[in-house]
Structures are given as C-alpha cells and as structure tokens.
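To start, the structure under review is shown below, and the notes come after it.
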Amino acid sequence: MLPPPLSVQLANGPEYEVVVILDSKIVHNKLYYLVDWLGYPPNDRTWELVGNVCNAQTLVDNFHRQYPNKSNPTMLTTTSTRRSQKRDSVMNT
C-alpha cells in the first residue's frame with residue numbers, strides 16, 4: 001500500500017495537486033469540476049466546486065479550450081436573470 005500523497009499545508013487546511021480536469025457540470029446553479037488528483041487512483045476523483053480549484057486555473061482553462069461546449073462559468077444564471085425569466089414565463093401564459 002502506497003503512502004498518501006503529500007499535500008501543501010495552508011492556513012485553511014491541506015492543498016492537493018490537480019493532475020487534470022476531466023469534466024464539468026452545473027448543479028443548482030453551481031459549477032463543479034471532476035478532478036483527478038496527483039497520487040490518487042481514479043476511484044478517488046471528486047466533483048469540486050469551482051472555488052476549490054482556483055489554484056489550478058491553467059488546467060481549468062485548458063479543459064474549456066478542449067471542451068468549449070461543456071458547462072462553464074458563463075452558463076451560470078444570476079438571480080436577476082432567473083427572476084426575469086420566471087416573470088417572462090408567467091406573463092406569457
């Protein structure tokens with residue numbers, strides 16, 4: 001059995017290295033990325049909120065260049081956008 005990968009200890013907890021961003025999705029208007037972690041097997045990949053991969057921005061950018069139609073920050077709706085869409089749909093019924 002291999003020892004766990006080393007992490008960098010930060011003030012708010014350990015930080016692990018991202019190998020690659022594999023996928024993205026939006027759930028309840030929140031963007032998540034499927035992350036492959038350095039030193040961990042594929043079954044330890046996790047879905048992480050966008051804010052949890054902010055130190056891997058180059059990998060996020062590479063992912064979106066390679067898969068431009070996958071979920072991305074521009075697909076998130078703001079509260080005001082959702083309200084106007086809801087108002088418009090009510091007015092059209």
Subject >> Average accessible surface area per residue within region 24-66, 1.4 Å rolling probe, Å² >> reply: 63
Subject >> Cα-projected label distance for residue 65 with residue 45, points at 7 Å along beta-carbon direction, nm >> reply: 2.1
Original post:
What trypsin sites (Lys or Arg not before Pro) in region 16-48 are in a loop by DSSP, with at most 16 other Cβ atoms within 10 Å of the Cβ?
Top reply: 45
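The values are calculated or read from the model by the stated rules, or taken from the named source; none is laboratory data. Please read these numbers as outputs of a predicted model, since none were measured by experiment. Neighbour counts are summed over all protein chains in view; Cβ atoms, including those assigned to glycine, are modelled from backbone coordinates with ideal geometry. Calculation scope for accessible area: heavy atoms of the full protein, side chains included, ligands and nucleic acids excluded. Shrake-Rupley method; radii C 1.70, N 1.55, O 1.52, S 1.80 Å.
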